[in-house]
Amino acid sequence: MADCYDTVVYPRGAVKRIKLMNFMSFVGTIVLEAGPRVNLVEGPNGSGKSSLVTALCVGLGGNMKALGRQTYPEELIRRGCAGFELEITLSGGPSQPDVVVHRRTERGAQGGRQRRGGGSSGSRCGAQTRGGDGASEDDDSYEEEDNDVDAWACGGGRGRSIQTTWRLDDRAVTEKQVKELSRGMGIHFDNLCQFLPQERVAEFSNLGPTELLESTEEAIGDGHLLEQHKDLKQRIALLKTKREELQRTQDRLGRVEADQAAQAPEYNRLRRRNALRREVQQLQWKRLWVEKESRTTKLERLEQQVAAMQGRVREARHRLAQAKAPLNNRTCEVEKLQRVVNAQSQEERDLNSRVGRSQETLRRLEQQLQAKEEEVEGLRAKSARWRVDVARTRQELDRVKSERAALPRGLDPQQSARQRALTVEIPQGAGEIATVQVRLSQKQKDIEEVAGGIRLLEVALQQQWDLREQRLHKLERKLPLSRRLYEWITEMRSAGRFRRRVLGPVLMEIRPMPDQTSASQLEFVLNDANLGAVITEDQLREATDTANLPVLEEQNLTHLNRRHRIATPLYPASTREDNNLVHNWLEQNKAQAKGRRNRLLFLPEDPGAVQYTDGHPSQYAGFGITGTVDQIFEATSDLVKQAMCISCGINTAYVGTEYAEQAHVVEALFSQTPVRRLLTPRLSTVANTSEYDRSYRSQKIQDLPPAELLDDDAGAAHGDEEAKRRELATMRQEKASLEAEAQQLEESLRQRRAAMRVLENEKQQLQNLRTRLEKSAMDLIRLESELARRLTRLEHEGEPLANVGTLRSDLCNIAEEMMRQASNTAQLIMELRNLHRGLGAMELSVAAANASLVPLQQAVRRAAEVVQAAEREVATAEQRVERAQERVREAEAHVREELGPAGRPDAATLEAWAQFPEQAQELEELLAAKQAEMEQAQAALRGDEAAVLDAWQRRATEIADLCQQSAAGGSEVQAMEADVESRKTTWLPELKRHMEAINETVKRHFASIGCAGEVVLRETDDEFDKYAAEIRVQYRGEEPLRPLNRNHHSGGERSVATMLYLMALQGVTTTPFRVVDEINQGMDSCNERKVGYGRRGLVKVSGARQANGMQI
């Protein structure tokens, strides 16, 4: 590197100075000055070249995952130091001040504080930090609003927090601001054409042609070519969408127009029917109008008749008024006499009221007198009773005192002693009863617990029986002998006929599966034949060397070897008695097998524990492997898994999650491990390797079918059935024993309770006796007290006749008042009699006057009857008028309903009516003829008229809309095509110019090392997402130019092509700086010398550019 470049102009964003302190392998403070163009850094391994690249990335806010090496910032701190510092000076451009970016990262205290989002070492902060470089691969992960200057991050499982501070020109800033500055200066650490660290050199050669073109576009300059390319891809996608929409619109328009033409005849028939319907409607309207006019004329005649009748009524009313005049005069005279009679009658009623009141007063005084007399008699009777009560109370009091003196004081001594003894005996008996009850309750609880366990075992055994029957039924459909074979093996095993273990069919020895996915995977690997197989185990007794035994072929009999699924040396009969028994049974029943016999698997020795020849599943957890097939199920015996490992290789069939279904994961698993069989929730993948070319590998991928034989119902029972049956028998015996003990305790409890009741009855009798004595004494005391109080009260009240003198004085006063009131009553009665005499004469005069009114009233009545008859005739006529008016109103309503609110036909209607007759009869005949014609037209219709009209109008509207949409869409597509073509003419020529320059340089570089190469821009017209940059190379003369591919070119050849392409890119790029680490990675010494020669040429080529670059 040059020491000083004061007179040279650095482009904006170029690295001018790097300062490192305690960073990775650098001790203390290191300062490096960079030149304005190409900077080469050379040195042996471990000298810090890649550390310098790392410093550039993390010092300018780059993502640490772009390095492909370290994950956490604390890994960059030199061992033994508390932190590191980076200071990078970037050129601000011509006449602009430089920009200094400073980063300081240091370890915090053990278990220190953490920012929001921080957590334990295993939490999310281990993968994404704020302020550190442990963020996720997405470079925009820092977009959260965070204006804090200090940033803390978890230590990625190391138990320490990391603090990172950023400064920009001595100003505290956030990491987000630093990243925005880097991108603003055209620095892209995620672009391999601009920043290629050591660990990602091989990744560059694996870039697809499309990715290579996009990276090149971004690295050429300010990124406008890439933005134009992305814009073109978006616009062409939108244009394709618009073209498809336009085509769909035009197709729809054609279909709708064809449907409209097909429905035209039906529509015309419907129009003819509608015309007839309108003509019928006009006839109906005119008929209504003619009927309305006829009713109006009839109403006018009726109204004239009513007017004439009303004149006759007025004449009759005049004659009635003349007859009423003399009657009214005579009636006035009678009314005057009647008023005089009414006044005297009112006076008579007043006198009668006064007489009644006086008589009522007399009756009241008489009642008072009678009450006083009765009160005197009551005092006499009360006095007699008082004397009797006093004598009786004194006698009763003397009797109670004598009975109280004779009553005993309590129980006798013998009874008291017995009561005290019972007080002790009863609690003792109650304690014994309680003890027995507790023991009985405990026994009952024990019985309930045992009964519950029995019920659970019975349910579990029933579930196991159901599962066994379900599996046998399904297996019997596959292998008809399965049920009989299972029953025979069970019977033989129970009879002790087998010498060693005999298991089968295998399906019946497998425990219920934990889930459907595991069941599908296991059934797929084992298949029907192995699930129906029988396993026998014999121990060799006569020969241990099987190499010299004869090899016999026998159908459906397989000898299993530990590592092979073949064979079959059959051992002498003396070494395999159990195997022969099963084999003979299968031979005897082969007729019922219908050609589908169960397999017989023979293990001559204990194979030992399951061995994982392709590696333990835990080694492949990173590929989504969770285990092997032998680990996803449980069997009744380890012999089942050992036999299936040898027969089906379940220990070499690996089980993975959905993650393991991904193509790149499967490819990596098969290429990096000895695994060849993989089962995932949906697929089965088997890798096959060619015997002639070990590098050639093929894969057989099958969808995993659902389980059929192992598809057990939910809640299937687990465990050993025989053990459960033994446990059930033991628990039933225990329950019977507990029930017998409980019965003994109940009998003892009944006896003790009977004895307790005898003692309690005896105690209760003594208690009742004592209570009766005490109660009798208390009753006598209470009665004596009550009698004493009663005698005292009677003596205090005294003789009742002491107040009789006052009552006699009251009787005299009442008698005098009665005499005065009788005198007043007699005087009122005399006045009433005199008034009766005058009132009789007046009533006779009124009767004579009323008799003279009768002839006059008869004359008025006859005149009134004449008026009423005339009025009835008028009312009848008016009713006829009202009915006629109602009919007219009905006709007018019908006319308004048909012709509108005006109720009269307009000019067009009158013109239409002119062709119709005026007579109602003729109108009816014409209307009938038109209705018949309309019905014929209606019968000719073949569809729903409403649907036909609606569909016709809808199609017409849709045709108009589609025509408009088609025209608008065509205009829009033409405008978009013109816009895309305009943008393409701006983008493509410039891209071609740069790619041609790169191609020429690549050709020259390849020619300089004795090879051939070129860079081709693949154009695909308007399919901008398929434009690509393809590197074609030729390292040997007999080969043609072919695209760079890892399947055809070695790692060194790809590294040479990568470096020569990056050298060629240096001639056209205008980015601030580019970094390439380990330019000779993967090259042999020959290629190193060739590229080294080209590298010296690179310095000359790059002289025309201002790009600041660094090669390490």
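Strands (runs of 3 or more DSSP E) fully within segment 1-93 that include at least 2 residues being within 17 Å of ILE187 (Cα to Cα) and among the aliphatic types (A, V, I, L, M): 15-21, 83-90.
Looking across segment 213-226, the residues that are within 14 Å of ALA1029 (Cα to Cα) and open to solvent by 10 Å² or more (accessible area, probe 1.4 Å) come down to GLU214, SER215, GLU218, LEU226.
Close Cβ contacts (under 7 Å, 6 or more residues apart or on different chains) running from residues in segment 759-781 that are under 14 Å from LEU407 (Cβ atoms) to residues that are acidic (Asp, Glu) and at pLDDT below 85 comprise LEU780/GLU403. When the residues of segment 936-989 are filtered to those that are among the acidic types (Asp, Glu) and open to solvent by less than 60 Å² (accessible area, probe 1.4 Å), the one that is modelled with the lowest pLDDT is GLU945. Of note, VAL280 does not satisfy the criterion of being open to solvent by less than 60 Å² (accessible area, probe 1.4 Å), within 30 Å of GLN964 (Cα to Cα) and β-branched (Val, Ile, Thr). Any chance segment 215-222 includes a residue that's in a helix (DSSP H, G or I) and closer than 30 Å to GLU922 by Cα? No, the conditions are met nowhere in segment 215-222.
Among the residues of segment 604-644, those that are under 17 Å from ARG511 (Cβ atoms), among the hydrophobic types (A, V, I, L, M, F, W, C) and part of a helix (DSSP H, G or I) comprise VAL629, LEU639, VAL640, ALA643, MET644. Considering every residue within segment 385-392, establish whether at least one is open to solvent by less than 70 Å² (accessible area, probe 1.4 Å), at pLDDT 80 or above and acidic (Asp, Glu). Yes, that holds for at least one residue. Looking across segment 908-920 at every residue that is open to solvent by 80 Å² or more (accessible area, probe 1.4 Å) and not in a loop (DSSP other than H, G, I, E, B), the one that is nearest to GLU892 (Cα to Cα) is identified as LEU910.
You will find that of GLU360, GLU375, GLU333, GLU366, the residue that is without any contact (Cβ under 8 Å) to a residue 12 or more places away in the chain, surrounded by fewer than 16 Cβ atoms within 10 Å (Cβ to Cβ) and part of a helix (DSSP H, G or I) is GLU360 and no other. In segment 513-526, the residue that is most open to solvent (accessible area, probe 1.4 Å) out of those that are more than 15 Å from LYS641 (Cα to Cα) and in a loop (DSSP other than H, G, I, E, B) is PRO514. Would you confirm whether or not segment 466-479 contains a residue that is in a loop (DSSP other than H, G, I, E, B) and buried (at least 17 other Cβ atoms within 10 Å of the Cβ)? Yes, there is a match, as at least one residue in segment 466-479 is in a loop (DSSP other than H, G, I, E, B) and buried (at least 17 other Cβ atoms within 10 Å of the Cβ).
Among the residues of segment 655-688, the ones that are under 18 Å from ASP703 (Cβ atoms), touching a residue at least 60 places away in the same chain (Cβ under 8 Å) and surrounded by fewer than 17 Cβ atoms within 10 Å (Cβ to Cβ) come to 0 in all.
Of the residues making up segment 594-623, those that are surrounded by fewer than 17 Cβ atoms within 10 Å (Cβ to Cβ) and either at pLDDT below 75 or over 52 Å from the mean Cα position of the chain (by Cα) (or both) are LYS594, GLY595, GLU605, ASP606, GLY608. None of ALA371, ALA406, ALA391, ALA384 is farther than 30 Å from GLU799 by Cα and of a type outside the set (D, E, K, R) except ALA406. Residues in segment 67-87 that are crowded, with 21+ Cβ neighbours inside 10 Å and among the aliphatic types (A, V, I, L, M): LEU67, LEU76, LEU86.
The values are calculated or read from the model by the stated rules, or taken from the named source; none is laboratory data. The structure presented is a predicted model; accordingly, all values stated were derived computationally and were not measured. Positions of Cβ are generated from backbone atoms using ideal geometry, with glycine treated the same way; all protein chains shown enter the neighbour counts. Note: areas computed on protein heavy atoms with side chains; ligands, DNA, RNA excluded. Shrake-Rupley method; radii C 1.70, N 1.55, O 1.52, S 1.80 Å.
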